[in-house]
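Peer 1: So that we are looking at the same thing, I have put the structure below in structure tokens.
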Amino acid sequence: MINKKHIPLTSAPKGKLVKLISIDGGHSITRRLVELGLTSGTIFKVVQDSGGPLIINVRNSKIALGRGMAMKLLVDLVDGEE
Amino acid sequence: MKKIYIALAGNPNVGKSTLFNQLTGGDQHVGNWPGKTVAVKHGHFKVEDTQIEIIDLPGTYSFSSYSPEEEITHDFLVNTPPDMVINVVDSSNFERNLYLTVQILETGIPTILLLNMQDVAYAHGMHIDTEKLSAQLGGIPVLVSSASNGRGWDKLKKQIVAPYPDIKQIDLHYRKITEKDTEYEYGLETASSRYEFISEISKNSLRQEKQKVAISEKVDSILTNRYLGIPIFLVIMYFVFNLVQNVSAPFLNWLDYLFTGPFSNWATSLLTSANSPAWVTSLVVDGVINSIGGVLVFLPSLYVMFLLLAVLEHSGYLARAAYVMDKLMSKIGLHGKSFIPMILGFGCNVPAIYATRTLKNPKARVLTALLIPFMSCSAKLPVYIIFSLAFFPENSNMIILIMYFTGIMVAGLVGTALSKLIFKGESLSILVMELPNFRRPSLQAVLKYAGKHSGEFIKKAGTIIAVASIGLWLLLNLPLGIENPRDSYFGAVGVAISPIMEPAGFGNWEASGALVTGLIAKEAVISTFNQVYRIDEIQDTPDETTFIEDLQNIAVSFGTTIVDTGKELLNTFTPGITLFAEESDSETEENIFLIKALNQSFTPLSAFSYLIFILLYIPCVPTIAAFRHEFGWKWTSLAIFNSLAVPWVMSVGVFQIGMLLGFG
């Protein structure tokens, strides 16, 4: 069931907080992302998007993510300050 | 005498190696984990009366993923546990670093948590309560340090030999794995539980000041900006190359003087007074001394390049550069991370080939390595310099820049072609890369890096080049009794190859022959021309100087060199009047005979096409050896084919088009 609120990370506005809902990737990449801190429910934000890979700030750590991968992260927009 | 066995564990980029070097001093050795290509470092040190053996585990984010580094760390800690683990953590990246910490604590091995990079954390407005943190982790010792200024090491050493406190083993109460679970799902669940635990810890031990974060975010958003990112990178690269060339020039000249002057003279005097035959003197002085000197002369440039690369990497900037270049790289089917080994290729191709180990995908590794030879290595620089001074004296800097630029363009084209033909256009990897927080590089670490890589280069290149030079000398002077170098074995090889080079404009035996010696080492190209044209015989014989006078001259010239280096350093940062005009005059002076001789065999157009050939053709033997070592003969053959076909096509193209356009 697709919840209309969920958007791919690539559609998230820069600088706004989002909450991770799910990762639709292969096993090894998903596990890797989870171990880097992208667990379900984690709140993070996109800090740079130049049309290629994204840079996200998750748990105070900056990670560059290829665009193809970023598209597979489903998130919800979140209100308020960090 | 007590003896304990410690392991260092932690994420990449946390200053683990700096700590390891600091603790062990020089007392360490590097090997490989059995069956893997991951390096392992062992070392020793003493604290009071305890002998400590320490092993530096590879940097990892966890030990449950499938990479070799993570397997090694896991196997090591589980199967052959040390007496103690020092877990080095980047304080400014606190939560994610703790993930590995939790896994280490789950093994039950006594652990000291070292919160490194305190200075960076502080700059980000992060304050960590070490007592609360320790309590939540069961009471383990928690220490702080700042790698870049060496604070905290003494406390660490004392803690290592102090009795280990009784700790409460943390237990996250994972539910037991059942038949219904897949290992994958279960793994994800445990990972999430760990992060829930870590979030709790963070809430209780970490206090964050809001405004300080903003500054570093601003800097990063400029460096990675869609429009500014690449120009900023180009400016930085321009400074790097400027520093490498100009700042090393005084030392380069001084070393050149040492070898062609005092060293050659002393050797000649010694040998003549020992009544050795002329050919022995010639072999030792021309064959060996001047050739080794020809290599060592470029050591300053290499050293400076490695220094600057180390600064760029340790500061964290290279990750931003890789991000910025990712879009361009993806057009050839690679991603930004491939970019770093390529940049290293501009210094020397050999470490660059080994640097591809950081790429996870084996296809990406091979493709990156295949393109590295087009990154014009520093050994080719002397050839560009001499030829551009000889044929394009007004525009020599421009010509050299064109060479580097062409190399990159060709790499892009060849990469695109290879990617489509061989790798069938599949995207070779997904970029997942950490951008470490900016930190001040530790001077010690940077110097060590530069020293190590320069040393390796000297060893490898020096031995091979010495052998090659002797070989060349033999080829040039045999068969016995020849008058003209053209009649030597070397000449025969050159004559045999020259028809192939005819369409490229340099179908003469000297130029073709130099390409063959260039196979051994690119520096050999210039020394070949020197030997072929018998330059040493044409030059003035130097004044007779006494040994003492020689020593005095060496000391004085060394002093002048230091001063000149300082001047060049200043000049790089103040684009105004440069002293380069003087430099090029003196270079021209020294090489004036070589330049005259070259004019006999080349025209400006053929010189240019020759440079193109040199830029693109087979890298030296050590590079090929490194390639074979990493990728095997199949890929090496492709690399060799590439480096013969592409340069030939390009230089023929350049020459023929040039002729058509009337530049001949």
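Peer 1: From the residues in the range B:403-414 that are over 19 Å from the mean Cα position of the chain (by Cα) and crowded, with 18+ Cβ neighbours inside 10 Å, which one is modelled with the lowest pLDDT?
Peer 2: That would be B:Met403.
Peer 1: Hey, can you tell me all the residues within the range B:321-362 that are closer than 26 Å to B:Asp220 by Cβ, under 17 Å from the mean Cα position of the chain (by Cα) and not in a helix (DSSP H, G or I)?
Peer 2: B:Phe346, B:Leu359
Peer 1: Moving to a separate point now. A:Gly80: at pLDDT below 90, at positive phi and more than 10 Å from every other protein chain (Cβ to nearest Cβ), yes or no? Give the steps one after another, and end with the answer.
Peer 2: Values: at pLDDT below 90: yes; at positive phi: yes; more than 10 Å from every other protein chain (Cβ to nearest Cβ): yes.
So A:Gly80 passes the test.
Peer 1: What's the number of the only condition in (1) surrounded by 15 or more Cβ atoms within 10 Å (Cβ to Cβ); (2) of a type in the set (S, T, N, Q); (3) under 26 Å from B:Val14 (Cα atoms) that A:Ser50 fails to meet?
Peer 2: The number of the failed condition is (3).
Peer 1: OK, next. Scan the range B:306-313 and give yes if some residue there is in contact (Cβ under 8 Å) with a residue 40 or more places away in the chain and touching a Cys at 6+ places or on another chain (Cβ under 6 Å), otherwise no.
Peer 2: Checking the range B:306-313: not a single residue is in contact (Cβ under 8 Å) with a residue 40 or more places away in the chain and touching a Cys at 6+ places or on another chain (Cβ under 6 Å).
Peer 1: Having 3 or more residues that are at pLDDT below 85, under 28 Å from the mean Cα position of the chain (by Cα) and surrounded by fewer than 13 Cβ atoms within 10 Å (Cβ to Cβ) is the bar; report the helices (runs of 4 or more DSSP H) wholly within the range B:546-650 that clear it.
Peer 2: In the range B:546-650, B:547-573 are the helices (runs of 4 or more DSSP H) which contain 3 or more residues that are at pLDDT below 85, under 28 Å from the mean Cα position of the chain (by Cα) and surrounded by fewer than 13 Cβ atoms within 10 Å (Cβ to Cβ).
Peer 1: Within the range A:9-23, can one find any residue that is within 21 Å of B:Asn361 (Cα to Cα) and either surrounded by fewer than 18 Cβ atoms within 10 Å (Cβ to Cβ) or small (Gly, Ala, Ser) (or both)? Quick ask: steps written out before the conclusion?
Peer 2: So the first thing to find is which residues in the range A:9-23 are within 21 Å of B:Asn361 (Cα to Cα), and the list is none.
No.
Peer 1: While we're on this one: Give me the strands (runs of 3 or more DSSP E) completely within the range A:9-64, filtered to those with at least 1 residues that are hydroxyl-bearing (Ser, Thr, Tyr), ordered by residue number.
Peer 2: A:17-23
Peer 1: Continuing with the same structure: So in the range A:59-72, with the set limited to residues that are farther than 15 Å from B:Lys327 by Cα and at the interface with chain B (Cβ under 10 Å from one of its Cβ atoms), which one is surrounded by the fewest Cβ atoms within 10 Å (Cβ to Cβ)?
Peer 2: For the range A:59-72, the residue satisfying everything is A:Lys72.
Peer 1: A further question follows. Of the numbered conditions (1) farther than 23 Å from B:Pro441 by Cβ; (2) within 14 Å of chain A (Cβ to nearest Cβ); (3) in contact with a strand residue (DSSP E or B) (Cβ under 7 Å, 6 or more places away or on another chain), B:Val142 fails exactly one; give the number of that condition.
Peer 2: Status for B:Val142: all satisfied but (2).
Peer 1: Which members of the range B:162-217 meet the condition of being under 23 Å from B:Glu95 (Cα atoms), away from every other protein chain (no Cβ under 11 Å) and under 41 Å from the mean Cα position of the chain (by Cα)?
Peer 2: Answer for the range B:162-217, where residues must be under 23 Å from B:Glu95 (Cα atoms), away from every other protein chain (no Cβ under 11 Å) and under 41 Å from the mean Cα position of the chain (by Cα): B:Phe197, B:Ile201, B:Ser205, B:Arg207, B:Glu209, B:Gln211, B:Lys212, B:Ala214, B:Ile215.
Peer 1: Given the criteria in a helix (DSSP H, G or I), closer than 20 Å to B:Lys522 by Cα and β-branched (Val, Ile, Thr), does B:Ile289 qualify?
Peer 2: yes
Peer 1: Condition (residue is in contact with a helix residue (DSSP H, G or I) (Cβ under 8 Å, 6 or more places away or on another chain), β-branched (Val, Ile, Thr), buried (at least 19 other Cβ atoms within 10 Å of the Cβ) and within 14 Å of chain A (Cβ to nearest Cβ)) applied to the range B:375-388: is it met by at least one residue?
Peer 2: Checked against the condition, which is being in contact with a helix residue (DSSP H, G or I) (Cβ under 8 Å, 6 or more places away or on another chain), β-branched (Val, Ile, Thr), buried (at least 19 other Cβ atoms within 10 Å of the Cβ) and within 14 Å of chain A (Cβ to nearest Cβ), the range B:375-388 yields no hits at all.
Peer 1: Restricting attention to the range B:300-315, does a residue exist that is within 14 Å of another protein chain (Cβ to nearest Cβ) and either farther than 30 Å from B:Asn530 by Cβ or basic (Lys, Arg) (or both)?
Peer 2: Within the range B:300-315, not a single residue is within 14 Å of another protein chain (Cβ to nearest Cβ) and either farther than 30 Å from B:Asn530 by Cβ or basic (Lys, Arg) (or both).
Peer 1: If you don't mind, there's one more thing I want to ask. Can you find a residue in the range B:159-167 that is surrounded by 16 or more Cβ atoms within 10 Å (Cβ to Cβ) and without any contact (Cβ under 8 Å) to a residue 12 or more places away in the chain? Steps first, answer last, please.
Peer 2: Keep residues of the range B:159-167 that are surrounded by 16 or more Cβ atoms within 10 Å (Cβ to Cβ), which gives B:159-160, B:167.
Checking the rest, the ones that are also without any contact (Cβ under 8 Å) to a residue 12 or more places away in the chain come to none.
No: the range B:159-167 contains no residue that is surrounded by 16 or more Cβ atoms within 10 Å (Cβ to Cβ) and without any contact (Cβ under 8 Å) to a residue 12 or more places away in the chain.
Peer 1: Kindly indicate whether B:Met398 is crowded, with 18+ Cβ neighbours inside 10 Å and touching a helix residue (DSSP H, G or I) at 6+ places or on another chain (Cβ under 9 Å).
Peer 2: So B:Met398 does not fit the description; no.
Peer 1: Could you tell me whether B:Pro250 is under 30 Å from B:Lys424 (Cβ atoms), surrounded by 20 or more Cβ atoms within 10 Å (Cβ to Cβ) and in contact (Cβ under 8 Å) with a residue 24 or more places away in the chain?
Peer 2: no
Peer 1: Sticking with this structure for a sec: Find the residue count for the range B:315-333, including only residues that are more than 18 Å from B:Asn225 (Cα to Cα) and at pLDDT 85 or above.
Peer 2: Residues that pass the stated criteria total 1.
Peer 1: Go through (1) among the hydrophobic types (A, V, I, L, M, F, W, C); (2) facing another protein chain (nearest Cβ under 8 Å); (3) closer than 25 Å to B:Val89 by Cβ and name the single condition A:Ile56 misses.
Peer 2: A:Ile56 satisfies every listed condition except (2).
Peer 1: Would you please name the residue that is surrounded by the fewest Cβ atoms within 10 Å (Cβ to Cβ), looking only at residues in the range B:198-217 that are outside any loop (DSSP other than H, G, I, E, B) and modelled with pLDDT under 85?
Peer 2: B:Gln211
Peer 1: Taking the range B:54-99, which residues are within 14 Å of chain A (Cβ to nearest Cβ) and of a type in the set (S, T, N, Q)?
Peer 2: B:Thr60, B:Ser62, B:Ser64, B:Ser65, B:Ser67, B:Thr73, B:Ser91, B:Ser92, B:Asn93, B:Asn97
Peer 1: Check off (1) surrounded by 18 or more Cβ atoms within 10 Å (Cβ to Cβ); (2) in contact with a Lys or Arg (Cβ under 9 Å, 6 or more places away or on another chain); (3) at pLDDT 90 or above for B:Asp220 and give me the number that stays unchecked.
Peer 2: (3)
Peer 1: Also, I was wondering about something else. When the range A:1-48 is examined, which residues are found to be of a type in the set (Asp, Glu) and within 8 Å of chain B (Cβ to nearest Cβ)?
Peer 2: A:Glu35 - this is the single residue of the range A:1-48 that is of a type in the set (Asp, Glu) and within 8 Å of chain B (Cβ to nearest Cβ).
Peer 1: Moving on to the next point. Please work out if A:Val75 is of a type in the set (A, V, I, L, M, F, W, C) and either without any contact (Cβ under 8 Å) to a residue 24 or more places away in the chain or within 11 Å of chain B (Cβ to nearest Cβ) (or both).
Peer 2: Working: of a type in the set (A, V, I, L, M, F, W, C): yes; either without any contact (Cβ under 8 Å) to a residue 24 or more places away in the chain or within 11 Å of chain B (Cβ to nearest Cβ) (or both): no.
No; evaluated as a whole, the condition is false for this residue.
Peer 1: I'd like the full set of residues that are more than 18 Å from B:Lys452 (Cβ to Cβ) and more than 10 Å from chain A (Cβ to nearest Cβ), limited to the range B:319-342.
Peer 2: Passing the criteria: B:Ala321, B:Lys331, B:Ile332, B:Gly333, B:Leu334, B:Ser338, B:Phe339, B:Met342.
The values are calculated or read from the model by the stated rules, or taken from the named source; none is laboratory data. What you are looking at is a predicted structure, and each value in this text was computed from that prediction instead of being measured. Every residue, glycine as well, gets a Cβ built from its backbone with ideal geometry; the counts of neighbours run over all protein chains shown.
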